[in-house]
Amino acid sequence: MEAIPARARAYVGCVALAALYCLHLLPSVRAPWWAVALLAALYAAGERLSGSFYPVLLAGAFLLPPPAAALVAVPGALLSPVVRRPRPVRRIWRASQLALAVWAASCAHWVLGGRDAVVTSDFPYALVPAGAAVVAFCLVLTVLDGGILALAEGVPLRPAWRGQLVRSLPPIAVHGLAGLMMAVLWRSPFGPVAALLVLLPMCVSWWAFAQYHRERAAHQATIRALVQAVDIKDEYTRGHSERVGQASMMIARELGMDEGRIEVLRFAGILHDVGKLGVPTRLLRKDGPLTPEERRIIELHPEYGHEMVRGISFLGEARAAVLHHHERLDGSGYPYGLVGAQIPESARVVAVADAFDAMTSTRSYSRARPVGTALEELERCAGTQFDPRMVTALVRALGRHGWHPAVTADEASARPPEPRRPVGSRPGVRP
C-alpha cells in the first residue's frame with residue numbers, strides 16, 4: 001500500500017468538508033433533478049471512457065445552480081477507476097476537488113448573469129460569464145493540486161503551483177466552449193437530445209487521444225523492460241542508459257531540433273547499449289583488461305542491439321543510433337568504419353552523450369572524472385572521434401543547466417581502477 005502522509009490526509013479531509021459545505025444547500029435548491037441525474041450519468045460514463053470529461057461538468061455549471069452543479073461531479077469521481085492505493089482516499093480527493101471547482105465555476109457564471117445569457121442565446125456576451133467560469137474552474141484545480149503536491153510529495157508551494165494555471169487554461173477553455181454549446185442547445189427548442197449530439201465528435205476525438213496515450217504507454221513500457229534487462233546484466237552501468245538519454249536530449253535541444261526528434265534521441269540514448277544482452281555477462285563485469293578476442297565479442301553489441309530493435313517502428317532514427325554509436329569520424333570505429341557525415345546524426349549525438357557519462361561515472365575498471373575534465377577530453381577528441389557540433393552543444397547545455405552525475409557502482413566495494421587511458425585511444429577502453 002502506498003502511504004499518504006498524515007498532513008496530506010488531513011488536507012484531503014479539509015477539502016472534502018469544504019465540498020460537503022458546498023452541497024449542504026441541495027435540499028433547498030430548485031433544480032431539474034432529472035437533468036442533474038442525466039449529466040452525472042454522462043460524466044461518469046465519460047470518466048470511464050477517457051477520464052477528465054470536463055465539458056459535461058462545465059455544461060452543468062452553465063445550466064444548474066451551484067450546489068446542483070457540484071453534485072454532477074461526485075458519482076463519476078467516486079466510481080472512477082483508480083490505479084494507485086489507497087483508492088478510497090484518492091477517490092474522495094478527486095470527487096471533492098471537482099465538486100469545489102464546479103461549484104466555483106457555477107457561482108462565477110451565475111453572478112455575471114450567465115444563466116440569462118444561455119437561455120436567450122445572448123452572443124457574444126454569453127462568452128464572458130462562460131470565460132469567467134472556466135478561469136474559476138482552473139484556478140480552484142490549480143490551488144488544490146498545488147496544495148496536495150506540496151503536502152504529499154514535499155514539493156515547495158511555488159514550484160508546485162508554477163505554470164499549472166497557464167498549462168491548464170487552453171485545454172479547459174476548449175472544454176468550456178463545448179459545455180457552453182451543450183448548455184445553449186439544452187435550453188433551445190431542440191432540447192437535451194441536441195445538446196448530447198455535441199458530445200459525439202468529442203467522444204470520438206477523446207477515444208482516439210486515449211488510444212494514442214495507451215500506445216505511448218506501451219512504448220515506454222517496452223523501453224523500460226529492455227533497459228532494466230541491461231541494468232540487471234551489467235550492474236556497474238546501472239542508470240547509465242537513462243543518463244545517456246538525458247544527455248542526448250540536452251544536445252538535441254541545444255541544436256534546435258523539434259520535440260519529436262528530441263524524444264526519438266532520448267529513446268536512442270536509453271537503448272544504445274541494449275545489444276549487451278547478447279554479450280556474455282563475464283565480459284561485461286570483467287575488472288581487468290580485455291583480450292583482443294574478448295574485445296571483438298563486445299564490439300558486436302551494436303549489431304545485436306540493432307537486430308533487437310529494428311522491428312520497433314516507433315523508434316525511427318533511434319535504431320540507426322543503436323547500430324552506429326561507436327563509429328568515429330576518422331573511420332576507425334565499429335561496426336562498419338563509417339567516416340564523417342556517413343555516420344547518422346543521431347549516432348553522433350549518442351556517441352558524445354555515451355562517452356561523457358562513461359567518463360563521469362564510476363565503473364568497475366575506472367573512477368569517475370570531474371565534469372570539466374570529461375569535457376576537455378571530449379573537446380580534445382572532437383574532429384577525430386566525435387562530431388565537434390555535438391561536443392559544443394553539450395558544453396553549452398551543461399553551462400546552462402549543469403550536470404549531476406550519479407555513481408553507478410558502490411565505490412566502497414569497487415576494485416582499484418586501472419590507469420585511465422584517454423577516450424580517443426583504442427586500447428584498454430571498454431566499448
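The values are calculated or read from the model by the stated rules, or taken from the named source; none is laboratory data. All values reported here derive from a predicted model rather than from experimental measurement. Don't worry about glycine lacking a Cβ; one is built from the backbone with ideal geometry, like all the others, and counts go over all protein chains shown. Note: accessible area is taken over every heavy atom of the protein model, side chains too, but ligands, DNA and RNA are not part of it. Shrake-Rupley method; radii C 1.70, N 1.55, O 1.52, S 1.80 Å.
Points worth noting:
- Taking the conditions (1) in contact (Cβ under 8 Å) with a residue 12 or more places away in the chain; (2) open to solvent by less than 60 Å² (accessible area, probe 1.4 Å) in turn, residue 13 satisfies each one other than (1).
- From the options 165, 196, residue that is in a helix (DSSP H, G or I) and at pLDDT below 80: 196
- Identity of the residue in the range 337-385, charged (D, E, K, R) and in a helix (DSSP H, G or I), that ends up surrounded by the most Cβ atoms within 10 Å (Cβ to Cβ): 357
- Residues that are at pLDDT 90 or above, surrounded by fewer than 18 Cβ atoms within 10 Å (Cβ to Cβ) and over 18 Å from residue 171 (Cα atoms) do occur in the range 95-111, at least one of them.
- All of (1) touching a Phe, Trp or Tyr at 6+ places or on another chain (Cβ under 9 Å); (2) not in a helix (DSSP H, G or I) hold for residue 140 with one exception: (2).
- Of all residues in the range 16-36, those satisfying the criterion of being open to solvent by 60 Å² or more (accessible area, probe 1.4 Å) and of a type outside the set (Phe, Trp, Tyr) are 17, 20, 24, 25, 27, 28, 30.
- Residue ID - nearest to residue 252 (Cα to Cα), chosen from residues in the range 311-336 that are open to solvent by 40 Å² or more (accessible area, probe 1.4 Å) and assigned to a helix (DSSP H, G or I): 319
- Filtered residues of the range 309-330 (kept if under 25 Å from the mean Cα position of the chain (by Cα) and within 23 Å of residue 352 (Cβ to Cβ)): 309, 315, 316, 317, 318, 319, 320, 321, 322
- The residues of the range 244-253 that are of a type outside the set (Ser, Thr, Tyr) and within 17 Å of residue 347 (Cβ to Cβ), listed by number, are 244, 245, 247, 249, 250, 251, 252.
- Residue in the range 251-260 that is farthest from residue 390 (Cα to Cα), counting only those that are touching a residue at least 12 places away in the same chain (Cβ under 8 Å) and surrounded by fewer than 24 Cβ atoms within 10 Å (Cβ to Cβ): 253
- Boolean, residue 278 is surrounded by fewer than 18 Cβ atoms within 10 Å (Cβ to Cβ) and either over 27 Å from residue 393 (Cα atoms) or not β-branched (Val, Ile, Thr) (or both): yes
Residue-by-condition table, conditions (1) surrounded by 21 or more Cβ atoms within 10 Å (Cβ to Cβ); (2) modelled with pLDDT under 90:
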residue: 221; (1), (2): no, yes
residue: 232; (1), (2): no, yes
residue: 237; (1), (2): yes, yes
residue: 242; (1), (2): no, yes
residue: 268; (1), (2): yes, no
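- Scanning the range 261-295 for residues that are among the polar types (S, T, N, Q) and in contact (Cβ under 8 Å) with a residue 12 or more places away in the chain turns up just one, 281.
- Boolean, residue 305 is buried (at least 20 other Cβ atoms within 10 Å of the Cβ), free of Cβ contacts under 8 Å to residues at least 40 places away in the same chain, of a type outside the set (Phe, Trp, Tyr) and in contact with a helix residue (DSSP H, G or I) (Cβ under 6 Å, 6 or more places away or on another chain): yes
- Evaluation of residue 189 against the conditions (1) part of a helix (DSSP H, G or I); (2) open to solvent by 40 Å² or more (accessible area, probe 1.4 Å) shows that the sole unmet condition is (1).
- Pairs are defined by a Cβ separation below 8 Å, a sequence spacing of at least 6 or placement on different chains, a first member in the range 22-37 that is more than 15 Å from residue 61 (Cα to Cα), and a second member that is open to solvent by less than 60 Å² (accessible area, probe 1.4 Å) and assigned to a helix (DSSP H, G or I); the pairs so defined are 24/67; 25/67.
- Evaluation of residue 115 against the conditions (1) open to solvent by 10 Å² or more (accessible area, probe 1.4 Å); (2) under 18 Å from residue 43 (Cβ atoms) shows that the sole unmet condition is (2).
- Scan of the range 145-183 for residues that are open to solvent by 20 Å² or more (accessible area, probe 1.4 Å), touching a residue at least 60 places away in the same chain (Cβ under 8 Å) and out of contact with any Lys or Arg (no Cβ under 9 Å at 6 or more places or on another chain), ordered by number: 148, 175
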